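Taking it in order: structure first as structure tokens, then the write-up.
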């Protein structure tokens, strides 16, 4: 075997290994990198990405006839179609701004029940915190498990319902919504501009505006949750779509 025949496969193997370390080893090497270069603040992120992110977002608000930033925002996540819709809540009703593809999410239909099940939660959530030093570029922490999740976990004897659910960058996920880097920059800046207390998030297994939600388990609370999601999503009908 010639040196060339040995070298090419070796380069391919090394490239695959390095790619795997870069993407899947981020929780290990990113904190080390941050210790070396220093951590960012939310203000640092807005200073770096704010202008470009706003320039990308504003045309969608303008096309929808909504001033930027809106006073309140609703994010509707649809798991089976991997979409995250942005709506502005105005005095005249909800106005559709745009939808983003979810680059990666894990699990199947049904709410998250326990740590390590790989499920993306389903229900109603808010943003607990912004993380400018995420291993996945930037991230926004959801308040999972919320009061309802904790209540039903206790009723069913599930003492580890899981935690640390984020909307974040990059394109890999276990239980989170991975949006890619450009999109998470826009969400991050939008959240700062609107105020995280003015943003609500709903997550459904599929779009309840077009298909009835049917619980995959016999748990009564899941059926009740799905009925609440059905009624909530019905308030967000895309009568007028953005031209962008």
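Across the stretch 39-233, Cα pairs under 8 Å and at least six residues apart give a relative contact order of 25 percent. Out of all Cα-Cα pairs in the stretch 155-201, roughly what percent, to the nearest whole number, are more than 16 Å apart? In whole percent, the share of Cα-Cα pairs in the stretch 155-201 beyond 16 Å is 54. Compared with the direct C-alpha span, the chain from residue 56 to residue 146 gains 29.2 nm at full extension, assuming 0.36 nm per residue. Figure legend: label point modelled 7 angstrom from the Cα of residue 221 along Cα→Cβ; residues of the stretch 99-140 with amide N under 16 Å from it are 110-115, 121-125.
List the residues of the stretch 131-154 whose backbone N lies under 18 Å from a point placed 7 Å from the Cα of residue 228 along the Cα-to-Cβ direction. Residues 142-154 qualify, since their backbone N sits under 18 Å from the label point. Here residue 172 and residue 90 are evaluated by their C-beta separation; at R0 = 41 Å the FRET efficiency comes out at 0.70. Between residue 158 and residue 44, residue separation times 0.36 nm minus the direct Cα-Cα distance comes to 37.1 nm.
Return the whole-Å distance between the Cα centroid of the stretch 210-237 and the Cα centroid of the stretch 36-94. The distance from the Cα centre of the stretch 210-237 to that of the stretch 36-94 comes to 26 Å.
Panel values: the stretch 39-233, Kirkwood radius from alpha carbon pairs, Stokes-Einstein at 4 °C and 1.567 mPa s, translational diffusion coefficient 76 µm²/s.
We did not get these values from a lab; they are worked out from the coordinates using the rules stated. Here the structure is a predicted model, which is why all the values come from computation and not from measurement. As a convention, Cβ positions derive from the backbone with ideal geometry for all residues, glycine included, and neighbour counts pool all protein chains shown.
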